[in-house]
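Everything on this sheet refers to the single structure shown next.
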Amino acid sequence: MTITLTVNREERIFSGDPRTPLVDVLRDHLRMTGTKAVCREGFCGACMVHVDGAPMASCLLPVGSLDGAAVNTIEGVATREHLNAVQQAFEDHDVVQCGMCFPGMVMTMSRFFQTNTSPDRDEIKAAMTGNICRCTGYERIIDALMSIRTNEATP
Amino acid sequence: MQDNADAAVMNFPRRDARDKLLGRTKYTIDVGGSEVIHAVLLRAEVASAQVLRLDVEAARSMPGVRAIATWEDAPGAHGIGIADHPIFARDVIRYHGEPIAAIAADTLEQAHAAARAITLELAPLPAILTMAQALEKDAPLVHPDWKDYDILFEGAARGGNVAWEATVARGDTDAAFDRPDVTIIDGVYRVGRQSHVPFEPRAVVAAFEDGRHHIQTSTQVPWTVRHVTARVLNIPESQVRVTVPAVGGGFGLKFDCSLEPYAAILAKKSGRVVSLVNSRREEQMTCLCRENAEIRIRSAVTADGEIVGREATVLMDCGAYGGEQVFLTTMTAHTLGGNYRLGSVRLSSRAIYTNTPPNGAFRACNGVYNTFALERHTDEICDAIGMDRMEFRRRNVVGDQDIGATGQVFEGDVLRPMIDRMQALCAKHPNSRKNGQRLDDGRIYGRAMTVGTWFIFVGPSAATVNLNVDGSATLVTSGVEIGSGSMMHALPQIVAAGLGIAPEQVIVKTADTDAAGRDLGVGGGRTTVSIGAASAAACDEVRDKLLAVASEMLQTAPDQLVLADGRVEIRGRPGSGTTIQKVVAEAETRTGPISGSGAFTAPGIEAMPGCAAGHFIDAIDIPVFAVHDCELAIDPDTGQVEILAYRVVQDVGRALNHRAIHGQIQGGVVQGMGYALHEEITINEQGCFDQTGFEAYRLPLAQDVVPIEFDLFEGAPSCGPLGTKGAGEVPILNVGATIGCAIANATGKQVSQLPLTPPRVLALLDGRDEPLALDHISAVWSDNTLRR
């Protein structure tokens, strides 16, 4: 089966088993390894991508259901010269540790700040619930996110 | 040196953040592409069995198969202390998940299909699933041939299902317990296994290049991987090269060689680059967990709180092979035997074989549960003799010139002033809540403060510093960046301060055993201390060479020259000197490029002769102390515990990067909260873990946590560079203890087990919790030893 989808604004064609999870299409077929496959059960959030603008766990999405969809991944969010607001806050506050959960967290929280530009701490924590981090204990990440509340959120 | 130390202190940001945030960092799991083939392991699905037949012939002819390996390919056994561990099961299966064969094929699907085509015939054997079963009289032996194994470290008692026994005996505990003026307090404690759940599972990519193995792996211990791979393959260590990309979390799990030899064998056999990655299910079900443990402590205490005698037995489940637990038996002397002055002490610390997946090292290994048991026991002592908990601790914590369990002499008063600092920290948030009080919302309030003793591992490290013509420096060590940031923060800061350059100008090379000298590995809080000390020594040599050349250029004695801001200046005359670049260029015409090497190992603190038997180290080189305080609320309807506030005073020696240490404290305490409240691996009747993934193994989430308040205690004695101690390992140390004690204080009930899940807390509140009984640990201490 052949599926056509747009990945980071570029048309890509996938031929193969339509049940293949999107995360495997990205990582194994397109060799875009920024999206991380960690739990493969939809719990950890490390594989979050945007599908037609909505953050979704790519491990739970069979590629066959995505014909014609627009997928944005961590590779398409920003350039090395211009991080988005969430990435910049994480770097400025030096909150990254092993880094495996951060691509997914950036995807979730970048979208969240488009829908809520001035959330309070509890709202940020609630939005983070689907993104598990084993290293940091979260609070410094929340501190970083609190710092961008009034800024213009970038996609 | 003081100038140096001040120059090294800064909130230098980590340089790997940007690529990690962009998804560009390549971890071992991200290495792939068309040249890489994929391997899987055929693993046992029973806990204990005789192998009657293993036939891989049909699998060899399956599509895409490039190589298959079994026990015939790996003749050697490895282990810590005892070589008890073959990498493939041969005649006997000893745990659920034990590898039987390894298969490499063009695709992962083909490798799995070939694994299914392997014929395996088994005859079931009885399985020992608990330590109580293992210690029963006439219990079947997990290793019937234990006497025949190679001993790699002499001096321990072993026997039957006791893989290793380390004992401490200082003073006359019998006399202490017989004293008429003492109260005897006897307590038992039990904890389950904790799974590390690193987001990058154990993974390896192996190649066979120019007659040598090249192993790229997600590890904390490149030199252990080199050694173990060579040992099990029965080849010289020099034929193995290990390199380490960014590691996606370790927490101790990757302190052992694990998947690497399988991939190495398959790479050599196939002539291809082989990737072997644990699936999440495999990673979870063969996790080298923090071991389950069972502990009995008996203390003889006078009315004014003097501990005149203490006897304890700690049973540590090592699973089917000894592994790290063999070494960790050593640590009980310093974790359970730590914190308090003891008039006399006897400790038995035993690693017990069971037919369960082997355990390993996990952040503050052994210390976390011994601190829980010790601090619960301490509160039980206070209740028994009617003394305030803090007053008891103030009187008894170890201080300057006090002796530890094995007779080592401690230097400096550390714990007592740290308790003062904690009380000052708490006083910033006064509240009148009392233990057991109902809050406005009906929940029950609890609070506790505990102390903990840990130590920094030292051991061999090597470093080379090359000073480059552009004035930058390249630091070459066997350090790896596992996420904790030591390679990103402390090491460039130390080198920069040593050479008077900016930390941005320090290039830090990650581990390559072909490039850097031997190292014990990244763990035990040792990176900043051991690799840092070797790096500082390398900088000293570079500095001497640099100043010798500059001395001639500037016509000034070397001791009148200072290095700062990338320049060599004449002391007291800023702008008088020249740039490091010019000195390096001059050196190249005279002597050649400037580089220096440095080394570090254990400085060797003495214990009291004859106190310790079966210990890998008898005394601790760098003790580290921690004081924790926790306030929590228990929902009496659900048993749910919410942490209201958590405070830490941590002994760090010197804080080089305050912000980085903050990150370690926040992350470590939260891992401890998971351990205390909901993370638990349970083992079912088949001998396999019930928690096979994220759904069943509950990790802390953003909404579970609070910001940790902390105060860094600086200035305690340390042989670490610039007075540092490792800061990443320790934050988890007394979290289980503090939460356990706070829940005991809130409920007024006996808390003897972790984790304190909602059902367990409800059972406590409702009085349905049966008192813990550990009948297999005798009240007669000597019955719990092989030397009796």
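Brief remarks follow.
- Being surrounded by 24 or more Cβ atoms within 10 Å (Cβ to Cβ), in contact with a strand residue (DSSP E or B) (Cβ under 6 Å, 6 or more places away or on another chain) and in contact (Cβ under 8 Å) with a residue 12 or more places away in the chain is a description that applies to B:Ile739.
- Meets criteria (touching a Ser or Thr at 6+ places or on another chain (Cβ under 7 Å), at pLDDT 95 or above and assigned to a helix (DSSP H, G or I)) for B:Ala496: no
- Note on segment B:775-788: residues that are among the hydrophobic types (A, V, I, L, M, F, W, C) and open to solvent by 40 Å² or more (accessible area, probe 1.4 Å) amount to 3.
- When residues of segment A:61-89 are limited to those that are within 9 Å of chain B (Cβ to nearest Cβ) and closer than 24 Å to A:Pro18 by Cα, the one most open to solvent (accessible area, probe 1.4 Å): A:Glu75
- Some residue of segment A:104-117 being within 12 Å of chain B (Cβ to nearest Cβ), farther than 21 Å from B:Ile708 by Cα, not in a helix (DSSP H, G or I) and not charged (D, E, K, R): no
- Residues of segment B:384-409 that are out of contact with any helix residue (DSSP H, G or I) (no Cβ under 9 Å at 6 or more places or on another chain) and open to solvent by 20 Å² or more (accessible area, probe 1.4 Å): B:Ala384, B:Gly386, B:Arg395, B:Asp400, B:Gln401, B:Asp402, B:Ile403, B:Val409.
- Considering residues of segment B:751-769 that are in a loop (DSSP other than H, G, I, E, B) and under 29 Å from the mean Cα position of the chain (by Cα) only, the residue nearest to B:Ile295 (Cα to Cα): B:Ser752
- Summed over segment B:189-221, residues that are under 24 Å from the mean Cα position of the chain (by Cα), more than 14 Å from chain A (Cβ to nearest Cβ) and touching a residue at least 60 places away in the same chain (Cβ under 8 Å) total 9.
- Residues considered: B:Ala303, B:Ala373, B:Ala312. Of these, the only one that is of a type in the set (A, V, I, L, M, F, W, C) and surrounded by fewer than 24 Cβ atoms within 10 Å (Cβ to Cβ) is B:Ala303.
So that you can scan it fast, the table gives a plain yes or no per residue for (1) facing chain A (nearest Cβ under 7 Å); (2) open to solvent by 10 Å² or more (accessible area, probe 1.4 Å):
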{"site": "B:Ala5", "(1), (2)": "no, no"}
{"site": "B:Met10", "(1), (2)": "no, yes"}
{"site": "B:Arg15", "(1), (2)": "no, yes"}
{"site": "B:Asp19", "(1), (2)": "no, yes"}
{"site": "B:Leu22", "(1), (2)": "yes, no"}
{"site": "B:Thr25", "(1), (2)": "yes, yes"}
{"site": "B:Val36", "(1), (2)": "no, no"}
{"site": "B:Leu52", "(1), (2)": "no, yes"}
{"site": "B:Asp55", "(1), (2)": "no, yes"}
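- Close Cβ contacts (under 7 Å, 6 or more residues apart or on different chains) running from residues in segment A:63-91 that are under 21 Å from A:Glu11 (Cβ atoms) to residues that are modelled with pLDDT under 95 comprise A:Gly64/A:Met1.
- For segment B:175-188, the criterion of being under 19 Å from the mean Cα position of the chain (by Cα) and more than 30 Å from B:Thr130 (Cβ to Cβ) is met by no residue.
- Some residue of segment A:15-28 being more than 8 Å from every other protein chain (Cβ to nearest Cβ), of a type in the set (Asp, Glu) and outside any helix (DSSP H, G or I): yes
- Of all residues in segment A:1-16, those that are loosely packed, with under 14 Cβ neighbours inside 10 Å and over 22 Å from the mean Cα position of the chain (by Cα) total 3.
- Note on segment B:264-321: among residues that are among the polar types (S, T, N, Q) and touching a Pro at 6+ places or on another chain (Cβ under 8 Å), the one that is nearest to B:Phe372 (Cα to Cα) is B:Thr286.
- Screening the candidates B:Arg241, B:Arg231 for the property of being assigned to a helix (DSSP H, G or I) and more than 14 Å from chain A (Cβ to nearest Cβ) yields one hit, B:Arg231.
- Residue count for segment B:444-486 under the criterion of being hydrophobic (A, V, I, L, M, F, W, C) and assigned to a loop (DSSP other than H, G, I, E, B): the result is 5.
- The listed residue being surrounded by fewer than 23 Cβ atoms within 10 Å (Cβ to Cβ) and in contact with a Ser or Thr (Cβ under 8 Å, 6 or more places away or on another chain), out of B:Leu772, B:Leu677, B:Leu712: B:Leu772
- Residues that are over 18 Å from A:Leu83 (Cβ atoms) and in contact (Cβ under 8 Å) with a residue 60 or more places away in the chain were ranked within segment A:99-130; the one that is surrounded by the fewest Cβ atoms within 10 Å (Cβ to Cβ) is A:Gly130.
Residue-wise test of (1) in contact (Cβ under 8 Å) with a residue 24 or more places away in the chain; (2) farther than 24 Å from B:Ala333 by Cα; (3) of a type in the set (Asp, Glu).
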position: B:Ile385; (1), (2), (3): yes, yes, no
position: B:Arg394; (1), (2), (3): yes, no, no
position: B:Ala405; (1), (2), (3): yes, no, no
position: B:Asp413; (1), (2), (3): no, no, yes
position: B:Pro417; (1), (2), (3): yes, no, no
position: B:Cys426; (1), (2), (3): yes, yes, no
position: B:Gln437; (1), (2), (3): no, yes, no
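- Every residue from segment B:649-674 that is closer than 13 Å to B:Leu699 by Cβ and either surrounded by fewer than 24 Cβ atoms within 10 Å (Cβ to Cβ) or facing chain A (nearest Cβ under 8 Å) (or both): B:Gly667, B:Val670, B:Gln671
- Residue within segment B:733-745 that is under 30 Å from B:Ala533 (Cα atoms) and more than 14 Å from chain A (Cβ to nearest Cβ) present: yes
- Residue check, A:Gly45 more than 7 Å from chain B (Cβ to nearest Cβ), in a loop (DSSP other than H, G, I, E, B), touching a strand residue (DSSP E or B) at 6+ places or on another chain (Cβ under 8 Å) and surrounded by 18 or more Cβ atoms within 10 Å (Cβ to Cβ): yes
- Residue count for segment B:396-423 under the criterion of being of a type in the set (Asp, Glu) and outside any loop (DSSP other than H, G, I, E, B): the result is 1.
- Only one entry in B:Cys382, B:Cys365, B:Cys426 is hydrophobic (A, V, I, L, M, F, W, C) and in a loop (DSSP other than H, G, I, E, B), namely B:Cys365.
- Residue in segment B:665-673 that is at pLDDT 95 or above and assigned to a strand (DSSP E or B) present: no
- Among the residues here, B:Asp637 does not qualify as among the acidic types (Asp, Glu) and open to solvent by less than 10 Å² (accessible area, probe 1.4 Å).
- The set of residues in segment B:222-240 that are open to solvent by 70 Å² or more (accessible area, probe 1.4 Å) and closer than 17 Å to B:Gly323 by Cβ comprises B:His227, B:Arg231.
The values are calculated or read from the model by the stated rules, or taken from the named source; none is laboratory data. Just so it is clear, the model here is predicted, and its values are computed rather than measured. Heads up, the Cβs are rebuilt from the backbone with ideal geometry, glycines too, and the neighbour counts pull from every protein chain shown. These accessible areas exclude ligands, DNA and RNA; they are computed on the full protein's heavy atoms, side chains included. Shrake-Rupley method; radii C 1.70, N 1.55, O 1.52, S 1.80 Å.
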